[in-house]
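Only the coordinates and a few stated rules stand behind these numbers; no lab work does. These numbers come from a predicted model, not from an experiment. Positions of Cβ are backbone-derived with ideal geometry, glycine not excepted, and every protein chain shown enters the neighbour counts.
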Amino acid sequence: MEAPTALPSTMPDLDLDKLQTIRVLGKGAMGTVFLVSDPASPRSLFALKVVDKSSFQTKYEADSRAMWEIAVLSRLHHPFLPTLLATVDTADFLAWAVPYCSGGDLNVLRHRQTDRVFSPAVIRFYAAEILCALHHLHQMGIVYRDLKPENILIQQSGHVCLTDFDLSRQLSRRTTTTQASSSPESPVLEARPRHRRNLTRIMFALSDAGGDLLLQLKKVKSARVSPVSRRKPSFSTVERSNSFVGTEEYVAPEVVRGDGHEFAVDWWAFGILMYEMMYGRTPFRGNNRKETFRNVLTKTPEFLGKRTALIDLIERLLEKDPEKRLGYGVGAAEIRQHDFFRGLRWDMLMEVSRPPFLAPAEGERELTEKVTARGRVCILEYFQAKKCASVPGSPSLSTLRSQSSVCGREEEEARLTEF
Ligand SMILES: Nc1ncnc2c1ncn2[C@@H]1O[C@H](COP(=O)(O)OP(=O)(O)OP(=O)(O)O)[C@@H](O)[C@H]1O
């Protein structure tokens, strides 16, 4: 894939100033996602991810990361992956719209279950859909690298939708254990062999490079969602070749070892995800990152209860040697054939009209009426207020409010998240 330098030309433009913001759906390392309605268009409710360019060290950096995600999104055409609806590029912001998933994410859904676990039948349904989505990405040469329940959204229809592609990368060719070369502009993984590092060195490198950045970039809602190296990457060859990518409890052994990032890292994470859905916890979590990584490298996962096809599948996905891991050879096809999925009509997945959980119907009209009654919140004002609140010695919120219509960040957020 070529370096993304411009927005896809066929995408409709949006006017940030005219959109009605209903609430903040989530905040991540890269951007804030709003539920937004566009009074100018008929089917107007959507999720808008907004990247404030000034929150990055350079505008180029913000552009590169956001453009990468937009470029990936613009290529996706699959029922379990998001579709890019529109884009906005201003001097200060880059934003893009995708369909709104009203069912929340798989992490929240699991926490709502008795004992915080899903039944094998429910796991089968979600796992099958996620497998299809990953298969589609891999066929496009894209390794996702950020599979975790928080990134699996539930559509209004109850089907899944993967989100957050900023850690995904294009593999330049089918690689074995090491990675492919990259151009400085495009995040394509490297193929040059790398030295194995011992655990101590890895831990040193991580604590050296990761600490502050992790704190800085931590996701708001979940303590678990601290990406191992979601440093703001410059996409330079050097930086990427040392990067550990993913969320620590989901990171594959070969990534901890510094051996590379093949498609098989997604199959590892897929195994962790199924384990978490089954037991309500991940298998290698330690008291700190160092212990978690040691467990990832050395610990055999524990399986309670009688041996089932589900346990067998998870065990094969959690094979520490990527070349022996299920899915390494032929990809998703190999996983589909596992006993756990026996009898599943893959071609009929989309036709399932009663998925395990359906999101309560949120009427678009009702939502927009509510927001109109409470006064419109402008995205630009939201970010302006956020900036003011973070600058020491900046005018007080009441001064700001009297000078313009900008409100304080807390107040603004409270208004946006109230629904
Ligand atoms: N289409 C959507 N519908 C509903 N909620 C969404 C949608 N897209 C994103 N969100 C919410 O916004 C949150 C942040 O989105 P996303 O993960 O894309 O941002 P990010 O800045 O890339 O985060 P990260 O730190 O994981 O990289 C998600 O976890 C989810 O809760």
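Key figures for this structure:
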quantity: Loop sites in segment 276-307: GluC sites (Glu not before Pro), DSSP, at most 13 other Cβ within 10 Å; calculated: Glu302
quantity: Too-long pairs where the Cα-Cα distance tops 24 Å, listed order kept, from Lys53/Lys387; Lys53/Lys386; Lys49/Lys320; Lys49/Lys290; Lys27/Lys320; calculated: Lys49/Lys320; Lys49/Lys290; Lys27/Lys320
quantity: Separation between Cα centres of segment 296-336 and segment 113-155, rounded to whole Å; calculated: 15 Å
quantity: Neighbour-count ranking [beta-carbon atoms within 10 angstrom, fewest first] of Arg75, Arg145, Arg294; calculated: Arg75, Arg294, Arg145
quantity: Residue order, fewest to most surrounding Cβ atoms within 10 angstrom, among Arg110, Arg325, Arg307; calculated: Arg307, Arg110, Arg325
